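A.B. asks: Got a structure for you, written out below as structure tokens; questions coming shortly.
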Amino acid sequence: TILNTALSAVGTALIAPLQVGVIAYVLQMVRGGSADLNILKNYFDNFLNLFLISLAVAILTAGGFVLLIVPGIIVVLMFAMVNYIAADNKDIDVKGALMASKEMMDGYKVDFLVFILSFLGWMLLSAVTFGIALIWVVPYMEVATVMYYEELKKLHEAK
């Protein structure tokens, strides 16, 4: 059990910077900048902070699901933009990322849930094709989510 937890923590530490780097890459493309894959390695310099952010979200989400299913879903939706905020603000700390996501998602949790559920058909298609459709579906979902983040950010800045 301890070995499993340690391996999971190491996996999260390695995946978190890569995931945030991919988001930063897509953000660059969506904003019309030149897409440079070297941006992926920039986030490994900050892997401890990104790992702590991922760990905090995992602990809060698990706590929400321990309470019941609905609070768990609310927590997931509340912190859905944490990685996007971390990609946009490389030097943000754990508390800042969590609070920024909470503020950004305030009033938009149901809207984001509907947005995520709109991909259900694509996920079913991916299951039917034994994952082959994921080659197209995952980038489509990531770009759509980055664009959602961009619009949510504009709305949040307008307040």
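A.B. asks: Pop out the ³J(HN,Hα) list for segment 53-64 in order, Karplus 6.51 cos²θ - 1.76 cosθ + 1.60 with θ = phi - 60°, rounded to Hz; leave Gly and Pro as x.
C.D. replies: Result, rounded to whole Hz: 5, 4, 5, 4, 5, 5, 5, 5, 5, 4, x, x.
A.B. asks: At 222 nm, what helix-only mean residue ellipticity would the chain give, in deg cm²/dmol to the nearest 500, using -39500 (n - 2.57) for each DSSP H run of four or more?
C.D. replies: -25500 deg cm²/dmol
A.B. asks: Quick check: from the Cα gyration tensor, does the chain come out rounded (a/c under 1.5), prolate or oblate?
C.D. replies: It comes out rounded by the Cα gyration axes.
A.B. asks: Also: Ordered by residue, what ³J(HN,Hα) values in Hz, to whole numbers, does segment 84-96 give under the Karplus form 6.51 cos²θ - 1.76 cosθ + 1.60, where θ = phi - 60° and Gly and Pro are x?
C.D. replies: Once rounded to whole Hz, the list reads 5, 5, 5, 5, 7, 10, 4, 9, 6, 8, 4, 4, x.
A.B. asks: Something else: Given a 1.4 Å probe and heavy atoms of the protein chains only, how would you sort Met99, Met105, largest accessible area at the top?
C.D. replies: Met99, Met105
A.B. asks: Something else: By how many nm would the segment from Leu52 to Lys153 lengthen if fully extended, with 0.36 nm per residue of separation less the alpha-carbon distance?
C.D. replies: Values: separation 101, 0.36 × 101 = 36.36 nm, distance 2.33 nm.
Answer, rounded to one decimal: 34.0 nm.
A.B. asks: Given 0.36 nm per residue, what is the gain on full extension from Val143 to Gln28 after removing their alpha carbon distance, in nm?
C.D. replies: Net length gain for the segment: 40.3 nm.
A.B. asks: Which value, in Å², gives the accessible area per residue of the chain when a 1.4 Å probe is used on the protein heavy atoms?
C.D. replies: Per-residue value: 61 Å².
A.B. asks: Give me the percent of the accessible area of the chain that comes from carbon and sulfur atoms, probe 1.4 Å, all protein chains in place.
C.D. replies: So the carbon and sulfur contribution to the accessible surface is 72 percent.
A.B. asks: Which of Leu14, Leu60, Leu68 moves most in a GNM of the chain, Cα contacts under 10 Å?
C.D. replies: It is Leu68.
A.B. asks: Next question, about the same structure. Among the lysines, which have Cα under 27 Å from the Cα of Lys109 when same-chain residues fewer than 8 positions away are ignored?
C.D. replies: Here the lysines satisfying the reach criterion relative to Lys109 are Lys90, Lys95, Lys153, Lys154, Lys159.
A.B. asks: Simple spin-label model, 7 Å along Cα-to-Cβ: Leu124 to Lys95 in nm?
C.D. replies: 4.6 nm
A.B. asks: Got a sec to turn the phi values of segment 26-34 into Karplus ³J(HN,Hα) couplings, 6.51 cos²θ - 1.76 cosθ + 1.60 with θ = phi - 60°, whole Hz, x for Gly and Pro?
C.D. replies: With coefficients 6.51, -1.76 and 1.60, one gets 5, 4, 4, 5, 5, 7, x, x, 6 Hz.
The values are calculated or read from the model by the stated rules, or taken from the named source; none is laboratory data. Fair warning: this is a prediction, and the values are worked out from it, not measured in the lab. Note that each Cβ is placed from the backbone with ideal geometry, even for glycine, and that neighbours are counted across all protein chains shown. Each accessible area value is taken on the protein alone, full model and side chains, heavy atoms only, with ligands, DNA and RNA left out. Shrake-Rupley method; radii C 1.70, N 1.55, O 1.52, S 1.80 Å.
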